[in-house]
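The values are calculated or read from the model by the stated rules, or taken from the named source; none is laboratory data. All values derive from a computational prediction rather than experimental measurement. Positions of Cβ are generated from backbone atoms using ideal geometry, with glycine treated the same way; all protein chains shown enter the neighbour counts.
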Amino acid sequence: MEYEVTTKRKGIDFGATGVNEILQNVWMIMSTVQYSCPLDRAFAWSAEDVDQPITVAQARMTARLIDAIRRYEPRVEVVGVTYQSDHLSGRLNPVVKVRIADGTF
């Protein structure tokens, strides 16, 4: 089964378990920029391409998101990354499609 995870703001469920915990972890990785987590500055993904042309930023952001998700939530496989983008404002909102790895549960 595949799930889509966006960066849409939502509350944290401190008691999440199973699939909900895994998807919440992916959301947290996607919503956090490197160097913003005080006790683990390397956590999440690097946003160093923020001021690049949107096509360049999108390509690099995709690679960085996939690497971060693989590193910090190995229980999922990234199936694809698409974007809800606003070219006028220069905003890229990633939508990551993941599959829970076999044998996780």
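With the checklist (1) loosely packed, with under 13 Cβ neighbours inside 10 Å; (2) in contact (Cβ under 8 Å) with a residue 40 or more places away in the chain in hand, flag the one item D102 doesn't pass.
That leaves (2) as the condition not met.
Within segment 83-98, how many residues are surrounded by 14 or more Cβ atoms within 10 Å (Cβ to Cβ) and either within 28 Å of T17 (Cα to Cα) or among the small types (G, A, S) (or both)?
7
Within segment 11-23, does at least one residue satisfy the condition of being more than 18 Å from R91 (Cβ to Cβ), at pLDDT 95 or above and crowded, with 16+ Cβ neighbours inside 10 Å?
Checking segment 11-23: at least one residue is more than 18 Å from R91 (Cβ to Cβ), at pLDDT 95 or above and crowded, with 16+ Cβ neighbours inside 10 Å.
Could you check how many residues of segment 43-58 are closer than 18 Å to H87 by Cβ, surrounded by 15 or more Cβ atoms within 10 Å (Cβ to Cβ) and modelled with pLDDT of 85 or more?
The qualifying residues number 2.
When the residues of segment 52-78 are filtered to those that are acidic (D, E) and without any contact (Cβ under 8 Å) to a residue 40 or more places away in the chain, which remaining residue is nearest to N20 (Cα to Cα)?
E77
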